[in-house]
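Taking it in order: structure first as structure tokens, then the write-up.
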Amino acid sequence: MAWDEWEQLKAGAADRSTGMRLNQLDPGDGGGYVGLPGQTGDLKVAQGDLAKIGSQAHSLYDNLWSKARVATPSSDAAAGDLSGQGFALGGGLKHVSNRWEEQLKSLMDACAHISNHMQVTKKVHTGDENYIQRQMSSIDALDAGFDERVGEPGKKNPAYEPKK
């Protein structure tokens, strides 16, 4: 292909191009991410939501334990029988059975991890939030106590008065 022809093809493609458009709404219509997180809202999750996710993960774990493991003993027995009769298929079936068991254990571990994590996540984060609030409120009280602009000279500082 000659260089001039290549340049003509590139120019033609550029003329026909309408630009890239992603599969999403325009930001003005509510799509996309605009602004800072405080401007768009905070992520809030209730304990009930986390409990439902954990419960579903636990149910999936139980179903995998009771139903998906059933195939392994019979597959292993069939693989041994086929190998004993001299069929090469027995080794292949044993390999598939071993891979199934490995993948099943991996999936069950993931389900157990999700279930356990959902049970403690809300509690841990609630404790963190309470700790941060306590720390910040004590700093505010100290700042108000040392701020000369808080009260008039000779009068009690309102920062130390009982809260109403």
Inter-residue pairs, beta-carbon under 7 Å, first assigned to a helix (DSSP H, G or I) and open to solvent by 90 Å² or more (accessible area, probe 1.4 Å) and in segment 80-99, second modelled with pLDDT of 90 or more and of a type outside the set (Phe, Trp, Tyr), 6+ apart: Leu89/Leu82
In segment 104-122, anything more than 15 Å from Ile53 (Cα to Cα) and either open to solvent by 100 Å² or more (accessible area, probe 1.4 Å) or touching a Pro at 6+ places or on another chain (Cβ under 7 Å) (or both) is listed as Lys105, Asp109
Can you confirm whether segment 37-56 contains a residue that is open to solvent by 100 Å² or more (accessible area, probe 1.4 Å), farther than 30 Å from Met118 by Cβ and modelled with pLDDT of 90 or more? no
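The values are calculated or read from the model by the stated rules, or taken from the named source; none is laboratory data. Everything numeric in this text was worked out from a predicted model, so none of it was measured. Note: ideal-geometry Cβ built from the backbone for every residue, glycine included; neighbour counts use all protein chains shown. Remember, those area values only see protein heavy atoms, side chains included, never the ligands or the DNA or RNA. Shrake-Rupley method; radii C 1.70, N 1.55, O 1.52, S 1.80 Å.
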